[in-house]
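Scroll down for the structure; my scribbles are underneath it.
The values are calculated or read from the model by the stated rules, or taken from the named source; none is laboratory data. All figures in this text were calculated on a predicted structure; none of them were measured in a lab. FYI the Cβ positions are ideal-geometry reconstructions off the backbone, even for glycines, and counts take in every protein chain you see. These accessible areas exclude ligands, DNA and RNA; they are computed on the full protein's heavy atoms, side chains included. Shrake-Rupley method; radii C 1.70, N 1.55, O 1.52, S 1.80 Å.
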Amino acid sequence: RTEQGWKIYDKYREIREDDIVIDVGSHTGYFTLKAAKTANKGNVISIEPHPDNFSLLLENINNNNLTNVIPLKFAAWNDIGIKKLFLNPSSGSHSFIFEDDRNSIEVETSSIDFIVQNFNLNKINFIKIDAEGSELQILEGAINTLKNTSPYLAVSAYHYSGEADKLSSFFIENNFEIIREVHGGQEYVYAWKAN
């Protein structure tokens, strides 16, 4: 991911120094590191289920001496449990949705609502989601957070045909304003609460 890749997420709202940020699908931490350095008086909750990716994420957090990151080794979903994560040769493309005939591992799942409640967070400012087709289910598990904290969201929406339409409908039904944009052939949905 390049600087350009990071800019895709904070195009319509820059991260501020006291923000609480949730990075869903943090992979090895590219967005997490950038967010943590910017929100240096806030926190970044970094969510990544795959063991190898998670190890690299921890390494990157430690190498950058970041004390404001809370790394969580499970997958965000709409409930709490265990799910099969289907493995892809590309380390950033493991998925619950795309089964093919791939190998799989079992990972723990949790919801954003549960995480926010568990850490007793009374504000969430920014949520980035890139989770290989699970974006809608993750948002379903964040209903209370969206209602109570009105975060800005940047969500990748290019994993299957019609994903951007489904995400847009979800946001509009929950009184968010949206912008849809294509960057490098991939669609993203940005959402924020109308004042």
- prompt: Of (1) in contact (Cβ under 8 Å) with a residue 60 or more places away in the chain; (2) in contact with a strand residue (DSSP E or B) (Cβ under 8 Å, 6 or more places away or on another chain); (3) closer than 28 Å to Arg180 by Cα, Leu121 satisfies all except one. Which?
  reply: (3)
Lone qualifier among Gly141, Gly185, Gly133 - being among the small types (Gly, Ala, Ser), at pLDDT below 95 and surrounded by 14 or more Cβ atoms within 10 Å (Cβ to Cβ): Gly133
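If a residue has to be of a type in the set (D, E, K, R) and at pLDDT 95 or above to count, how many in the stretch 49-72 make the cut?
1
Looking only at the stretch 14-30, which residues are touching a strand residue (DSSP E or B) at 6+ places or on another chain (Cβ under 8 Å), modelled with pLDDT under 95 and not polar (S, T, N, Q)?
Selection gives Gly25, Gly29.
Can you tell me which residues in the stretch 133-157 are under 22 Å from Leu85 (Cβ atoms), assigned to a loop (DSSP other than H, G, I, E, B) and out of contact with any His (no Cβ under 6 Å at 6 or more places or on another chain)?
Within the stretch 133-157, Ser134, Gly141, Ala142, Ala157 qualify.
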statement: Picking from Lys11, Lys7, Lys34, Lys41, the residue that is among the basic types (Lys, Arg) and under 19 Å from Ala131 (Cβ atoms) would be Lys34
field: Any chance Ile97 is surrounded by fewer than 19 Cβ atoms within 10 Å (Cβ to Cβ), in contact (Cβ under 8 Å) with a residue 12 or more places away in the chain and over 23 Å from Glu14 (Cβ atoms)
entry: yes
message: Being open to solvent by less than 70 Å² (accessible area, probe 1.4 Å) and either touching a residue at least 12 places away in the same chain (Cβ under 8 Å) or in a loop (DSSP other than H, G, I, E, B) (or both) is the filter here; which residues of the stretch 169-180 pass it?
response: Phe170, Phe171, Asn174, Phe176, Ile178, Ile179
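For the stretch 158-168, name all the residues that are more than 22 Å from Ile115 (Cβ to Cβ) and either buried (at least 23 other Cβ atoms within 10 Å of the Cβ) or not charged (D, E, K, R) (or both). Walk me through how you get there before you give the answer.
Kept after step one, since they are more than 22 Å from Ile115 (Cβ to Cβ), are these residues of the stretch 158-168: 158-166, 168.
Within the stretch 158-168, Tyr158, His159, Tyr160, Ser161, Gly162, Ala164, Ser168 qualify.
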- request: Search the stretch 15-64 for residues being open to solvent by 20 Å² or more (accessible area, probe 1.4 Å) and of a type in the set (Asp, Glu), and hand back the single one that is nearest to Leu146 (Cα to Cα).
  value: Asp18
